[in-house]
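The values are calculated or read from the model by the stated rules, or taken from the named source; none is laboratory data. What you are looking at is a predicted structure, and each value in this text was computed from that prediction instead of being measured. Methodologically, a virtual Cβ is constructed for each residue, glycine included, from the backbone with ideal geometry; neighbour enumeration extends over all protein chains shown.
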Amino acid sequence: MAASYQTVDIKPLDPAFFTPKRHEGRTYLITGGARGIGAASAIRLAREGAKIVIFDVLAKEGNETVAQIRKEGGQAEFVKGDVRNNADLQKAVDLAVSQYGELNGALNAAGVMAAMSPDVVFDYQAQKDLLPTPIADAGDEYFDTLMAINATGVFKSMRAELKPMLKQGKGGAIVNICSIAGLTGLAGNSAYVASKHACSGLTRSGAIDYAPYGIRVNSVNMAATETAMTDMAIKYVMAAAKENAQSTVPNMGRTKTLSLQAYADSKKRQATVWEQASVIAFLLSDEASNLTGALYATDGGWTAY
């Protein structure tokens, strides 16, 4: 008979926790920094002494995050732009250099799961063709948009970020958000998975090419985390399940729905943005001096089984 032990939930990281002065004197560009993991990372890095340039299509949320950083005594600027647009990215990079003297690293957090604006009101029937879709039913707009933002957008962002870092000759660090979709397949998410695998490939290729210049490149690959994107994904899954309730085809999305930690947790909680920001801040810091070219599964054990 097996021994009986008390079950224990893992307490999420305190949102107020940070390491003082760890990023003092550094400047980081954060794409997709208006909300979610990008915003939490911006706030965490600013608390640790970094100067932040937030780049996002969401102007209201971006300016609110900048305002919060400034209220806490940090330094931050916002640039409205799209990662598909080279001129927008260059504007953000130029601002970082002109305002703060140099660019020391970046977090590329901009990404989408559906081919529509991240602040759009969810309407399953009206947006069905733009939502996560298996390959045989996927349209060009769905696939092309996700590839343009999640794959080409990361490429264009890295290209813009690397140039001043190389010119400065001081090394640096880049972290890309590539999701568990960049490590494994996910049911019904053909374009998201393809684009995030490209993100993982760019991470590894960048690490190889720029190691001689002291520039480290890594990714974080998370499972469900408390963000607007995850909220939308849950709504989509519920709507799709309702529409296909009478289908006799097995729902492959149900073969695996939780990470190890979510499954074991009494409330089945998702990861928090602060837990993700903690790993990102570490990877950008000197504490991660020996780490490059790695895809970090910050996924609560999702890819362990």
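Here are some notes:
- Per-region count, the range 34-75, residues touching a helix residue (DSSP H, G or I) at 6+ places or on another chain (Cβ under 7 Å), within 17 Å of R22 (Cα to Cα) and crowded, with 21+ Cβ neighbours inside 10 Å: 10
- Yes/no for K268 being at positive phi and either modelled with pLDDT under 95 or surrounded by fewer than 15 Cβ atoms within 10 Å (Cβ to Cβ) (or both): yes
- Pair list, Cβ under 6 Å, 6 or more apart: the range 1-21 residue closer than 17 Å to S266 by Cα, other residue part of a loop (DSSP other than H, G, I, E, B) and hydroxyl-bearing (S, T, Y): D9/S266; P12/T272
- Answer from K196, K235, K156 - the residue that is more than 27 Å from A304 (Cα to Cα) and either in contact (Cβ under 8 Å) with a residue 12 or more places away in the chain or crowded, with 19+ Cβ neighbours inside 10 Å (or both): K156
- Selection over the range 218-236 of residues that are assigned to a helix (DSSP H, G or I), within 30 Å of T203 (Cα to Cα) and in contact with a helix residue (DSSP H, G or I) (Cβ under 8 Å, 6 or more places away or on another chain) gives a count of 3.
- Meets criteria (closer than 30 Å to R22 by Cα and either modelled with pLDDT of 95 or more or not hydroxyl-bearing (S, T, Y) (or both)) for G139: no
- Subset of the range 165-182 that is out of contact with any Asp or Glu (no Cβ under 8 Å at 6 or more places or on another chain) and assigned to a loop (DSSP other than H, G, I, E, B) - its residue that is surrounded by the fewest Cβ atoms within 10 Å (Cβ to Cβ): G169
- The number of residues in the range 83-101 being surrounded by fewer than 19 Cβ atoms within 10 Å (Cβ to Cβ) and in contact with a Ser or Thr (Cβ under 6 Å, 6 or more places away or on another chain) comes to 0.
- Figure legend. Inter-residue proximity from the range 23-49: first residues at negative phi, second residues at pLDDT below 95 and in a helix (DSSP H, G or I), beta-carbon distance below 7 Å, spacing 6+ or different chains. Indicated pairs: R35/A228.
- Residue count for the range 116-135, restricted to those that are β-branched (V, I, T), over 24 Å from F55 (Cα atoms) and part of a loop (DSSP other than H, G, I, E, B): 1
- Within the range 136-152, the set of residues being touching a residue at least 12 places away in the same chain (Cβ under 8 Å) and not in a helix (DSSP H, G or I) comprises just one member, A138.
- Residue match in the range 116-123 (condition: out of contact with any Cys (no Cβ under 6 Å at 6 or more places or on another chain) and farther than 23 Å from D231 by Cα): no
- With respect to the conditions (1) within 22 Å of N150 (Cβ to Cβ); (2) at pLDDT 90 or above, M229 falls short on a single one, namely (2).
- Single residue of M147, M222, M252 found to be modelled with pLDDT of 95 or more, surrounded by fewer than 18 Cβ atoms within 10 Å (Cβ to Cβ) and among the hydrophobic types (A, V, I, L, M, F, W, C): M147
To keep it simple, each residue is scored yes or no on (1) at pLDDT 95 or above; (2) outside any loop (DSSP other than H, G, I, E, B).
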residue	(1), (2)
T184	yes, no
H197	yes, yes
G206	yes, yes
M238	no, yes
K242	no, yes
